[in-house]
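Reading through the structure tokens given below for one structure.
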Amino acid sequence: MTDFERAVGARAAREVGKEQQDIFSLAVDQSIFVSFLRATRAFLHGKFADAASMGG
């Protein structure tokens with residue numbers, strides 16, 4: 001294997017690793033966003049349920 005082939009292979013490996021890291025980061029961001037939406041919905045549902053039970 002030539003130095004050029006090794007360099008190309010190393011660059012390809014870095015690019016694949018970077019893409020995998022980007023995909024993981026997006027998955028984490030999506031998970032945080034979905035958790036935030038669920039928490040907000042539960043909070044609002046609780047607020048409206050409290051208001052309804054107090055006649056407000």
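Here, each number is a calculation from the coordinates, and none is a lab measurement. Predicted model only: the values in this text are computed from it and were never measured. Quick reminder, even Gly has a Cβ in these numbers, built from the backbone with ideal geometry, and neighbours come from all protein chains shown.
This table checks each residue for (1) within 13 Å of the chain's Cα centre (by Cα); (2) among the charged types (D, E, K, R); (3) part of a loop (DSSP other than H, G, I, E, B).
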position: V16; (1), (2), (3): no, no, no
position: E19; (1), (2), (3): no, yes, no
position: I23; (1), (2), (3): yes, no, no
position: R38; (1), (2), (3): no, yes, no
position: R41; (1), (2), (3): no, yes, no
position: A49; (1), (2), (3): no, no, no
- Message: If I ask for residues that are of a type outside the set (G, A, S) and surrounded by 10 or more Cβ atoms within 10 Å (Cβ to Cβ), which ones from region 44-56 would you list?
- Response: L44, H45, K47, F48, D50
